[in-house]
Amino acid sequence: MSNRGALAAFAAFVVAGCIWTPFVHVLFKKNLDSYRDPHGVSTIAQMLAATHLAVWSDADLPRRELDKMRQRNPEWDFMSRTYFVLALVNMALRDKEYLAEARDIVDAIIETTVEVERERGFEHFLMSYGHGEGGSNSRPEACSWTARSFLCWQRGGY
């Protein structure tokens, strides 16, 4: 194919993209009513929370689930705790029925997180770069923004 033919094909692709892109949302339209509830917590949020509430309500299950997660990425342990606590607080603010259970689970998550940090140090929640080890995760660009910020804060960088 000549340069002129390649340019024409590229131009046709760009024009087609400009025409179709604004209409893609029509093909994948979802019913958002199951994701939002103006007077409380949505059905999908309740189902997701129920799974995680079951994990954190069990004595042994959180350790097993978090150990599985840590095998892939230790940061996911801390992130899952953080985002689940934030989700529970949001749910409790929207629906007072969740308040007592959310408070108990949030307190338990915070207590176990502080206990782990006290026993093993904050590096427990970081990948190899947080331990000063080399490897593919030792480059700053390979680090997550959250972990880099946390390390910077710990070292007095902010």
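Listing for the model above:
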read-out: Failed condition for VAL55, given (1) more than 15 Å from the chain's Cα centre (by Cα); (2) in contact (Cβ under 8 Å) with a residue 12 or more places away in the chain; (3) surrounded by 15 or more Cβ atoms within 10 Å (Cβ to Cβ); value: (2)
read-out: Pick from segment 35-52, criterion under 18 Å from the mean Cα position of the chain (by Cα) and hydroxyl-bearing (Ser, Thr, Tyr), ranking: nearest to THR82 (Cα to Cα); value: THR51
read-out: Among (1) β-branched (Val, Ile, Thr); (2) more than 17 Å from VAL89 (Cα to Cα); (3) not in a helix (DSSP H, G or I) - the single one VAL41 does not satisfy; value: (2)
read-out: Those residues of segment 86-101 which are closer than 15 Å to TRP56 by Cβ and surrounded by fewer than 18 Cβ atoms within 10 Å (Cβ to Cβ), in sequence order; value: LEU86, ALA87, VAL89, ALA100, GLU101
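Here is a yes/no grid of residues against (1) touching a strand residue (DSSP E or B) at 6+ places or on another chain (Cβ under 8 Å); (2) within 23 Å of PHE122 (Cβ to Cβ); (3) not assigned by TED's automatic domain parsing to the domain that holds GLY121:
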| position | (1), (2), (3) |
| --- | --- |
| HIS25 | no, no, yes |
| HIS39 | no, no, no |
| LEU61 | no, no, no |
| ARG64 | no, yes, no |
| TRP76 | no, yes, no |
| PHE84 | no, yes, no |
| VAL89 | no, yes, no |
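For (1) in a helix (DSSP H, G or I); (2) over 20 Å from the mean Cα position of the chain (by Cα); (3) in contact (Cβ under 8 Å) with a residue 24 or more places away in the chain, each residue gets a yes or a no:
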{"site": "ARG70", "(1), (2), (3)": "yes, no, no"}
{"site": "PHE84", "(1), (2), (3)": "yes, no, yes"}
{"site": "LEU93", "(1), (2), (3)": "yes, yes, no"}
{"site": "ALA100", "(1), (2), (3)": "yes, yes, no"}
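The values are calculated or read from the model by the stated rules, or taken from the named source; none is laboratory data. Worth saying up front: this structure is predicted, and the values here are computed from it rather than measured. Cβ: placed from backbone, ideal geometry, glycine included. Neighbour counts: every protein chain shown.
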